[in-house]
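Every number in this text was worked out from the coordinates using simple rules, so none of it is lab data. What you are looking at is a predicted structure, and each value in this text was computed from that prediction instead of being measured. Cβ sites come from the backbone with ideal geometry, for glycine too, and all protein chains shown count toward neighbours.
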Amino acid sequence: MQTLTGTVALVTGASSGIGEATAILLAQHGATVAVAARRKDRLDALVARIGAAGGMALAIEADVTQREQARRAVDETVAAFGRLDTLVNNAGVMLLGPIVGADLDEWDRMISLNLDGLLYCTNAALPHLLKAAESEPRRVADIVNVSSVAGRMVRVGSGVYNATKFGVGAFSESLRQEVTKRFVRISLVEPGAVATELASHNKPEVQEMMKQRFGNMERLAAEEIADAIAYIITRARHVAINEMLVRPTEQDS
């Protein structure tokens, strides 16, 4: 396992859930962490928590669906800390429902955040990650894209969410082939059912459906997905974990 001391990570969607837990854990591993999201008050509380534990963090209020704000999040990270070694593209939204008669605004939200935001952040970060991969302390850099089991298994009622997450997988693999020999590792983490705010953005009838499907299941905690992300990033330079599917034991699909 590699220490992350002397490295800098940027985590998007860090105001709650998997992003928040990942930022805390990466800081515990020694990384300096920039945390980006729209809810600045939550980011400030997270930065204070990391600081109280002896870490260093920076809160960046940004809507990564906006190209210039995504780039600014990267630029502010590098301006503050001098480098960027790790990007965790965690920001995302899951809005389920039938395709027939769908709310197109929900489709737009998912495409904008799950795909456009990830693409914008990745594009802005890559020059800095490629540079970090050539230098100490690790001579390797990482992009971890948080996808979903929905990125490999299609279900009725999640067509456009499936489309965005399959897209993340396709983009990640193409990028991996492009930069892996330059020691920028591209990894895909695909959580199953996790106890976060993600489901709460859905319409009441969808929330009820999800409650019936997962209500009696012991879902994963955000910290358990953060542990998977940290495992990927802390591997030795010659080890690349390209894909990790993490589901509750009771989840059969």
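Taking 41 Å as R0, compute the FRET efficiency from the Cβ-Cβ separation of Leu130 and Asp252 and round it to 0.05.
Computed FRET efficiency for Leu130 and Asp252 comes out at 0.50.
Nothing charged except the Cβ atoms of Lys and Arg (+1) and of Asp and Glu (-1): what's the magnitude of the dipole of the chain about its Cα centre? Round to the nearest 20 debye.
So the dipole magnitude of the chain works out to roughly 640 debye.
Amide H of Gly6: which non-local residues (sequence gap of 5 or more, or other chain) have their own amide H closer than 5 Å, using H built in the peptide plane?
It is Thr32, by chain and number.
Give me the percent relative contact order of the chain, please, defined on Cα pairs under 8 angstrom at least 6 residues apart.
Over the chain, the number comes to 20 percent.
Show that you can apply the helix-only estimate: for the chain, add -39,500 (n - 2.57) for every DSSP H stretch of four or more residues, divide by all residues, and state [θ] at 222 nm to the nearest 500.
That calculation yields -13500 deg cm²/dmol at 222 nm.
If you take the alpha carbon radius of gyration of the chain and divide it by 2.2 N^0.38 Å, what ratio comes out, to two decimals?
0.96
Take Arg49 and Arg237, extend 7 Å from each Cα along the Cα→Cβ direction, and tell me the distance between the two endpoints in nm.
3.4 nm
Helix 222-233 versus the longest principal axis of the chain: what is the Cα-based angle in degrees, 0 to 90, to the nearest 10?
So the inclination is approximately 40 degrees.
Want the number for Met1 to Lys40: 0.36 nm per residue separation, take away the alpha-carbon distance, what's left?
10.8 nm
Angle, helix 40-52 long axis vs. longest principal axis of the chain, Cα atoms, 0 to 90°, nearest 10?
50 degrees
Given the C-alpha atoms of region 92-196, compute the convex hull and give its volume per residue in Å³.
Per-residue hull volume (Cα only) is 102 Å³.
Given the options Gly13, Gly169, Gly157, which has the most mean-square fluctuation in a GNM of the chain, springs set between C-alpha atoms less than 10 angstrom apart?
For the chain, modelled as a Gaussian network with Cα springs under 10 Å, the answer is Gly157.
For Met153, what charge total do you get from the other residues with a beta carbon under 13 Å from its beta carbon, if Lys and Arg give +1 and Asp and Glu give -1?
Charge balance in the 13 Å sphere: +2.
Any chance you could get the radius of gyration and Dmax over the Cα atoms of region 105-145, in Å?
Computed over the Cα atoms of region 105-145, radius of gyration and Dmax are 13.9, 45 Å.
Take the alpha carbon atoms of region 1-53, find their center, do the same for region 77-131, and report the distance between the two centers in whole angstrom.
Each part's Cα centre sits 17 Å from the other's.
Mind ranking 215-222, 80-87, 139-146 by how tightly packed they are, going by the mean number of other C-beta atoms within 10 angstrom, highest first?
139-146, 80-87, 215-222
On C-alpha positions alone, give me the angle between the axis of helix 17-28 and the longest principal axis of the chain, in degrees, nearest 10.
Tilt of helix 17-28: around 20 degrees.
Local charge sum around Gln2 (other residues, Cβ-Cβ under 13 Å, Lys/Arg +1, Asp/Glu -1)?
With Lys, Arg at +1 and Asp, Glu at -1, the net is +2.
Mind pulling the per residue volume of the convex hull built on the Cα atoms of region 1-95? Å³ is fine.
For region 1-95, the hull spanned by Cα atoms encloses 89 Å³ per residue.
Going toward the positive end of the dipole of region 1-152, with +1 on Lys and Arg Cβ and -1 on Asp and Glu Cβ, which of Pro127, Ser148, Gln28 do you reach last?
Value computed over the given set: Gln28.
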